[in-house]
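*Asks:* Just passing along the structure, written as structure tokens.
The values are calculated or read from the model by the stated rules, or taken from the named source; none is laboratory data. Just so we're clear, the structure is a prediction, and the values are computed from it rather than from any experiment. Positions of Cβ are generated from backbone atoms using ideal geometry, with glycine treated the same way; all protein chains shown enter the neighbour counts. Side chains are part of the model used for accessible areas, which takes the heavy atoms of the whole protein and leaves out ligands, DNA and RNA. Shrake-Rupley method; radii C 1.70, N 1.55, O 1.52, S 1.80 Å.
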There are 2 protein chains.
Amino acid sequence: MAGPKGSKYYDIFLKFKVWLENTDGESILGDGKFELIDCIDQLGSLKAAADKMGISYRKAWGNVKDAEEKLGFLLVEKHRGGQHGGSSVLTPEGKKLIEAYKELLVEFDEAIYQITKKFFNKVNE
Amino acid sequence: MAGPKGSKYYDIFLKFKVWLENTDGESILGDGKFELIDCIDQLGSLKAAADKMGISYRKAWGNVKDAEEKLGFLLVEKHRGGQHGGSSVLTPEGKKLIEAYKELLVEFDEAIYQITKKFFNKVNE
DNA sequence: AGGCGATATGTTTATATTTGCATATAGAAA
DNA sequence: TTTCTATATGCAAATATAAACATATCGCCT
């Protein structure tokens with residue numbers, strides 16, 4: 001969303017971000033990690049998810065581990081070894097979390113729309 | 001806002017951030033710079049604003065300059081020299097911008113409240 | 001003319017964050 | 001018991017971001 005055509009703010013956008021944080025003010029997970037977890041859910045593998053998101057396995061693995069440590073519970077159930085090397089599947093908590101996050105985003109987008117419109121009206125008064 | 005007492009998410013919070021961005025995806029100004037500009041408005045000086053915010057004058061000055069360059073217009077009218085060394089006062093555009101931003105934050109907070117509540121209900125189901 | 005204090009800006013040093021490299025391990029199947 | 005592939009993790013290299021240092025300029029006032 002940008003300001004009206006011809007205004008000072010025509011090609012300027014209002015963006016937002018939501019994330020989970022702990023009491024120490026540390027970021028636990030934001031959109032990137034949520035997306036990653038969603039990919040794991042869809043692909044059944046951390047490696048496949050990393051590839052799809054265009055990030056290294058090392059990074060993806062570190063992201064998941066970091067989030068889990070800060071949350072204090074597991075999001076992904078990991079299996080290693082076996083014919084295909086291993087696999088990953090979301091825990092019930094992980095599943096609930098991404099479901100809730102998806103709904104949250106939809107509601108956020110709706111709320112943002114009105115707020116943004118008002119903002120650009122005001123700066124262009 | 002956190003999850004209900006005793007739940008997995010008791011000491012975990014949902015946070016958000018809003019900022020202005022240009023078409024190149026560059027951040028123009030977010031809460032830190034908005035606050036700085038607000039301080040300049042209140043104190044009439046970039047130096048005083050920097051001191052109040054606990055950042056160096058160099059950094060504060062760079063922040064303002066960067067935002068102005070990306071916006072394409074001035075936020076602050078700067079004067080140098082004179083008995084007191086100089087002063088800074090917001091331009092009408094700068095003033096409008098921080099006013100609009102303050103209102104935006106209030107509305108955002110309200111919207112967030114409901115959304116957050118729903119989110120934590122869902123993950124704790 | 002000289003002092004004072006805030007604006008103006010280049011350069012450099014430190015710190016934090018991210019990315020990438022290398023390597024180890026598990027475990028089903030051939 | 002060898003092979004294959006994803007999970008697991010330490011560590012080094014590369015960037016990005018921020019902080020610090022060093023000067024220069026401007027213009028009212030004495």
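*Asks:* Report the FRET efficiency, 1/(1 + (r/R0)^6), for A:Asn22 and B:Lys17, where r is their Cβ-Cβ distance and R0 is 25 Å, rounded to 0.05.
*Replies:* 0.90
*Asks:* While we're on this one: Give me a single rounded figure for A:11-24: the average over its residues of other chain Cβ atoms within 10 Å of their Cβ.
*Replies:* 6
*Asks:* What's log10 of I(q)/I(0) for the protein assembly as shown at q = 0.11, 0.15 Å⁻¹, Debye sum over Cα points only, no solvent?
*Replies:* -0.73, -1.08
*Asks:* Further question: State, to one decimal in nm, how far the label point of A:Glu110 lies from the label point of B:Asp109, with both points 7 Å from Cα in the Cβ direction.
*Replies:* Going from the A:Glu110 label point to the B:Asp109 one covers 2.4 nm.
*Asks:* Pop out the ³J(HN,Hα) list for the range A:57-72 in order, Karplus 6.51 cos²θ - 1.76 cosθ + 1.60 with θ = phi - 60°, rounded to Hz; leave Gly and Pro as x.
*Replies:* Result, rounded to whole Hz: 4, 3, 5, 4, 4, x, 4, 5, 4, 4, 4, 5, 5, 6, 6, x.
*Asks:* Could you please state, rounded to a whole Å, how far the C-alpha centre of the range B:16-75 is from the C-alpha centre of the range B:88-125?
*Replies:* Rounded to whole Å, the Cα centres lie 18 Å apart.
*Asks:* Further question on the same structure: Once you've got the Cα coordinates, tell me which of A:Lys15/B:Lys5; B:Lys65/B:Lys95; A:Lys17/B:Lys5; A:Lys17/A:Lys117; A:Lys5/A:Lys117 are over 21 Å apart.
*Replies:* A:Lys15/B:Lys5; A:Lys17/B:Lys5
*Asks:* Roughly to the nearest percent, how much of the accessible area of the protein assembly as shown is carbon and sulfur, given a 1.4 Å probe?
*Replies:* 50
*Asks:* Still on this structure, please answer the following. Say the dipole of the range B:31-111 comes from +1 at the beta carbon of Lys and Arg and -1 at that of Asp and Glu; which of B:Ala111, B:Cys39, B:Ile98 then lies farthest toward its positive end?
*Replies:* Result: B:Cys39.
*Asks:* In the range B:65-107, what residues drop by 20 Å² or more in accessible surface going from the chain by itself to the full protein assembly, probe 1.4 Å?
*Replies:* B:Leu71, B:Phe73, B:Glu93, B:Lys96, B:Leu97, B:Ala100, B:Glu103, B:Leu104, B:Glu107
*Asks:* A further question follows. According to the Cα gyration tensor, what semi-axes, each the square root of 5 times an eigenvalue, does the equivalent ellipsoid of the range B:76-125 have, listed from largest to smallest in whole Å?
*Replies:* Equivalent ellipsoid of the range B:76-125: 44, 11, 6 Å, largest first.
*Asks:* Rounded to the nearest whole Å², what accessible area per residue is found for the protein assembly as shown with the 1.4 Å probe?
*Replies:* For the protein assembly as shown, the per-residue accessible area is 55 Å².
*Asks:* If you don't mind, there's one more thing I want to ask. Enter the per residue convex hull volume of the range B:1-93, computed from alpha-carbon coordinates, in Å³ rounded to the nearest integer.
*Replies:* Output value, Cα hull per residue: 141 Å³.
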